[in-house]
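The values are calculated or read from the model by the stated rules, or taken from the named source; none is laboratory data. Keep in mind that this is a model prediction, so the values were computed, not measured. Cβ atoms come from the backbone with ideal geometry, glycine included; neighbour counts cover every protein chain shown. The area values use the complete protein model at the heavy-atom level, side chains included, leaving out ligands, DNA and RNA. Shrake-Rupley method; radii C 1.70, N 1.55, O 1.52, S 1.80 Å.
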Amino acid sequence: MDGPTTSTFEVRSPVDGRLLAEVADFAPAQVAEAVTTLRTAQPAWEALGPKGRARWMRRLRDWLLDEAEHLADVLQAESGKPRAEAQLEAPWMAELINYFADHAREFLADERVGSSGLLSATKRMVKVHRPYPVVGVISPWNYPLAMPGMDVIPALLAGSAVLLKPSEVTPLSALELARGWREIGAPPVLAVATGSAPAGQALVDVVDFVQFTGSTGTGRLVAHRAVDRLVPYSLELGGKDPAIVLADADLDRAVAGVAWGALFNSGQACVSIERVYVEDSIHDSFVSRLTTLVDGLRHGEEKTPYAVDTAAMATMAQRNLVHRHVTEALASGARALTGGRPTGVGTGYRPTVLVDVDHSMTCIREETFGPTIPVIRVADADEAVRLANDSSYGLSATIWTRDLARGQSIARRLDVGAVNINDAYANLFALTLPHGGWKTSGSGARFGGAHGLRKYTRQQAITTPRFPTLEREPAWFPYSRRRAQLTRHLFHAVAARDLRRRIPRIVRSRRWPGARSG
Ligand code: NAD
């Protein structure tokens, strides 16, 4: 970002290790300085109102669409993902802008509320949504543009200034987003602080709201730090999503959907299908078709666009983690029907189908975040639900069945934040629905209609008198027996819900000063 920095770090291609860029490594003091600058610019941004801010966001949308090919180049270079996947992120961000920009006025409008009883009956009351001045967004590497964008866009529309700390693995797309913001001439309310964990920690120390997406372990550290400062946070964390394939499923769709849901982005998605429970009667047929499909995928380095279906993993560390899960499963008796080893080129890992897997294996218990599909045979739907819920994670799940009503009823028994029936990823594209993990998969949610913007705001209550006011209210100073008794009887009469308790109080109240009250 802007401003001089003393140190830098390298960003390299996961495919062949070539140097892509040297990027500023923000020291904590520089993070704090960036937030101070954002704080100065934020009030004018808030004052623009939802309509004014939406205008800037629509310009950003147009910039994203105009630059889509270049952005795909950048994010493909830094993540190693196939072109078919890299090219989706910019238009997806543009559509996200459309939804929230079109609804910002409605979602952020003041809300007139009625009185809760006689004690507030003399007031006009309004609930106002005021933004957290500076929102800190910390994002992971798996969708280098979309992950930051999914939080930066709603936070800006809500009226906050945003400091974005992208992953040190893929910071270039985030820097492109900031370039776009500058090029459209928008107010200086978006800044990017590149760096690794220390920059993320420094961000948590200075912002007013933390939006974190990443692993459960890091999320826990971020939450601790935010709690220490008493600043609110929202966490989108890891997952171990189950797929349940019932005996009546459309097998062709279930096989194709599970393969895509597990292997999209080489399985490096929080909502990747990471375990598959298949009813006994169709298990063998499902596994055989799945193996054929996965075996036939084109895997490797993409020399020409659309030449591969799955490509490199984002880091060697991630590839090694995947291989550890696979080798541990094989050592405990599982079989790899296809794949089961690295490609030997860069960070590539062969898409893998595992069978004879059980629930004690790391490939079932821990997040793999890679191109593996462990399949488990189950007796029936009840066993599938029991095993699906036997996880510390609770992000999302898929169910494959022709009986949609039964699918919905099984969905309600799963301990996860979202369930897609006969589809994968679908809820992520439904911005009117929340996207949030249960259990150790998160806290809070992104999206979900009005909540998608209001989460970046604080509710402010404003009361104004409806009628001409007295010189002073009966409950104000100085206290006297007469006025204190009047107030007491008034409160009692208001709180009582039956005549015996309400009316006698009022009648007796005529006897003071000095009256004994019951
Ligand atoms: P990560 O937790 O290693 O890093 C995420 C971000 O946190 C990075 O920007 C990193 O620099 C920063 N960070 C690291 N240590 C920090 C600290 N102590 N304080 C503040 N920031 C710190 O995650 P990752 O490996 O980049 O991404 C993969 C993980 O993200 C997976 O677990 C995946 O499931 C999860 N994820 C979740 C969602 C979701 O919506 N639930 C979406 C995408 C990815």
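Values for this structure:
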quantity: Net lengthening on full extension, residue 482/residue 228 (0.36 nm per residue, minus Cα-Cα); calculated: 86.7 nm
quantity: Net charge, residue 120 excluded, C-beta distance under 14 Å - Lys, Arg +1, Asp, Glu -1; calculated: +4
quantity: Folded to 0 to 90 degrees: helix 481-495 orientation relative to the chain principal axis, Cα; calculated: 50
quantity: Virtual spin-label span in nm between residue 459 and residue 365, 7 Å along Cα→Cβ; calculated: 4.2
quantity: Rounded to whole Å, sorted largest first: equivalent-ellipsoid semi-axes of the range 48-115, Cα gyration tensor; calculated: 34, 13, 8
quantity: Under the Karplus curve 6.51 cos²θ - 1.76 cosθ + 1.60, θ = phi - 60°, whole-Hz ³J(HN,Hα) for the range 428-443, x wherever Gly or Pro sits; calculated: 5, 8, 9, 6, 7, 9, x, 10, x, x, 9, 6, 7, 8, x, 8
quantity: Förster-model FRET efficiency, 30 Å R0, residue 389 and residue 197, C-beta, rounded to 0.05; calculated: 0.40
quantity: Gyration tensor (alpha-carbon) shape descriptor, the range 198-335, a/c threshold 1.5; calculated: prolate
quantity: Three-way shape call for the range 436-502 based on the alpha-carbon gyration tensor, with the a/c threshold at 1.5; calculated: prolate
quantity: DSSP loop GluC sites (Glu not before Pro) with at most 15 other Cβ within 10 Å: longest gap in the chain; calculated: 1-300
quantity: Charge sum, other residues only, whose C-beta stays under 10 Å from residue 313's C-beta, Lys/Arg counted +1 and Asp/Glu -1; calculated: +2
quantity: FRET efficiency for residue 379 and residue 285, using Cβ-Cβ distance with R0 set to 25 Å, rounded to 0.05; calculated: 0.90
quantity: Rounded to 5, the percent of DSSP beta bridges in the chain classed as antiparallel; calculated: 45
quantity: Efficiency of FRET from Cβ geometry, residue 65 and residue 298, R₀ 30 Å, rounded to 0.05; calculated: 0.55
quantity: Accessible solvent surface per residue of the chain, calculated while the other protein chains remain in place, 1.4 angstrom probe, Å²; calculated: 44
quantity: Of the trypsin sites (Lys or Arg not before Pro) in the range 1-85, those whose Cβ has at most 15 other Cβ within 10 Å and which sit in DSSP loop; calculated: 18
quantity: Between the range 24-62 and the range 393-431, the alpha-carbon center distance in angstrom; calculated: 37
quantity: Dipole of the chain, positive end: most advanced residue of 7, 199, 493 [Cβ charges, Cα centre]; calculated: 493
quantity: Net length gained if the chain between residue 182 and residue 432 were fully extended (0.36 nm per residue, minus Cα distance); calculated: 87.1 nm
quantity: Neighbour net charge for residue 345 - beta-carbon separation under 10 angstrom, K R +1, D E -1; calculated: -2
quantity: Residues with amide H under 5 Å from that of residue 378, placed H, sequence gap 5 or more; calculated: 278, 279, 280
quantity: Positive dipole terminus of the range 254-309, leading residue within 263, 273, 300 (C-beta point charges); calculated: 300
quantity: Helix-derived mean residue ellipticity, 222 nm - over the chain, DSSP H n ≥ 4, -39500 (n - 2.57), to 500; calculated: -13000 deg cm²/dmol
quantity: Charge dipole magnitude, Cβ of K and R +1, D and E -1 - the chain, Cα centre, debye nearest 20; calculated: 4640
quantity: Gain on full stretching of the segment that runs from residue 316 to residue 121 - 0.36 nm per residue minus C-alpha separation; calculated: 63.7 nm
quantity: Whole-percent carbon and sulfur share, accessible surface of the chain, 1.4 Å; calculated: 54
quantity: Principal semi-axes in Å for the chain [√(5λ), Cα gyration tensor, largest first]; calculated: 51, 32, 19
quantity: Cα-Cα P(r), the range 241-430, percent of pairs per 10 Å interval; calculated: 10, 40, 37, 12, 1
